[in-house]
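The values are calculated or read from the model by the stated rules, or taken from the named source; none is laboratory data. On a predicted model such as this, the values are computed, not experimentally measured, just so you know. In this analysis, Cβ positions are derived from the backbone assuming ideal geometry, glycine residues included, and neighbour counts consider all displayed protein chains.
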Amino acid sequence: MDKYNNMLDLQKALLDNGVIDIAGEINEDTILYVREALLRLNTMNNPPINVTFTSSGGNCDAGFAIFDLLGNYPGHITGTVTGFANSMASIILQACDVRRVSVHSRICLHYSIQPRLTRKQRKVPSERNKVRKNSDKVDGQFLDAYMTRAIKTRRAINKYLEDEKELSAQEAIAAGLADEIITPKIGKKPRGGK
């Protein structure tokens, strides 16, 4: 993949309107897209942006890289969840200045998923311990990322992570993991005016 050509036509058009869309699985392609988008925005004096989310999460390293990229963006960031922001997507959301969640959206919190052990790791206790320690380290990063914004106690957020808690928009606000609920415009006038 080309180092600076990671954006589809739709992504470029959205970026022209100040939107970065994080949809689907979070992976290395997502990092490259977000990085390029932020670099392009940097050439425009870091305008306010909206990061939209409909993602079930993905790779931890990719997610934390995006969390850091957004966290270091000098412009104002509004994060908007439509549908769901689960796992790493919910962590990335915490890097946004304002976190908006549509009324029927969900945010799922959980600790990292344990990697499958290799044959060597299963047989050699010291190898198993290395994997466990690395998992514990990543789990600590999960909790720390949520605690940058949470208003619930560390113990309460830890319990959410252990229970793989799915939060409604209202519960996310109460936990301090979102700031606003977006409600649909019921009764909108039909297009064309009448």
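Which residue pairs have Cβ atoms closer than 7 Å, lie 6 or more positions apart in sequence or on different chains, and pair a first residue in the stretch 66-89 that is in contact (Cβ under 8 Å) with a residue 12 or more places away in the chain and more than 16 Å from Arg40 (Cα to Cα) with a second residue that is of a type in the set (Lys, Arg) and buried (at least 22 other Cβ atoms within 10 Å of the Cβ)?
Gly79/Arg99
Being in a loop (DSSP other than H, G, I, E, B) and in contact with a strand residue (DSSP E or B) (Cβ under 6 Å, 6 or more places away or on another chain) is the filter here, so list the residues in the stretch 76-111 that pass it.
Ser87, Cys96, Asp97, Val103, Ser105
Being of a type outside the set (S, T, N, Q) and exposed (fewer than 14 other Cβ atoms within 10 Å of the Cβ) is the filter here, so list the residues in the stretch 39-54 that pass it.
Leu39, Met44, Pro47, Pro48
If you check Asn46 against the conditions, is it of a type outside the set (Gly, Ala, Ser), part of a loop (DSSP other than H, G, I, E, B) and at pLDDT 95 or above?
It is true that Asn46 is of a type outside the set (Gly, Ala, Ser), part of a loop (DSSP other than H, G, I, E, B) and at pLDDT 95 or above.
Among the residues of the stretch 152-191, count how many are in a helix (DSSP H, G or I), closer than 18 Å to His104 by Cβ and among the polar types (S, T, N, Q).
Number satisfying all stated conditions: 1.
I'd like to check something: does the stretch 113-122 contain any residue that is at pLDDT 70 or above and surrounded by 13 or more Cβ atoms within 10 Å (Cβ to Cβ)?
There is no residue in the stretch 113-122 that is at pLDDT 70 or above and surrounded by 13 or more Cβ atoms within 10 Å (Cβ to Cβ).
Only one of these conditions is not met by Ala174: (1) of a type in the set (Gly, Ala, Ser); (2) within 20 Å of Ala65 (Cα to Cα); (3) surrounded by fewer than 16 Cβ atoms within 10 Å (Cβ to Cβ). Which number is it?
Here Ala174 meets the rest and fails (2).
Which of (1) among the acidic types (Asp, Glu); (2) closer than 30 Å to Asp163 by Cβ; (3) crowded, with 17+ Cβ neighbours inside 10 Å does Glu36 not meet, given it meets every other one?
For Glu36, the exception is condition (2).
A quick yes/no check of all residues on (1) touching a helix residue (DSSP H, G or I) at 6+ places or on another chain (Cβ under 7 Å); (2) assigned to a strand (DSSP E or B); (3) of a type outside the set (A, V, I, L, M); (4) free of Cβ contacts under 8 Å to residues at least 40 places away in the same chain:
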position: Gln11; (1), (2), (3), (4): yes, no, yes, yes
position: Leu14; (1), (2), (3), (4): no, no, no, yes
position: Gly24; (1), (2), (3), (4): no, yes, yes, yes
position: Thr52; (1), (2), (3), (4): no, yes, yes, yes
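If I go through the stretch 133-151 residue by residue, how many of them are over 14 Å from the mean Cα position of the chain (by Cα), assigned to a loop (DSSP other than H, G, I, E, B) and of a type in the set (S, T, N, Q)?
Adding up the residues that qualify gives 0.
Please work out which residue is nearest to the chain's Cα centre (by Cα), limiting yourself to the stretch 55-101 and to residues that are polar (S, T, N, Q) and buried (at least 18 other Cβ atoms within 10 Å of the Cβ).
Ser90
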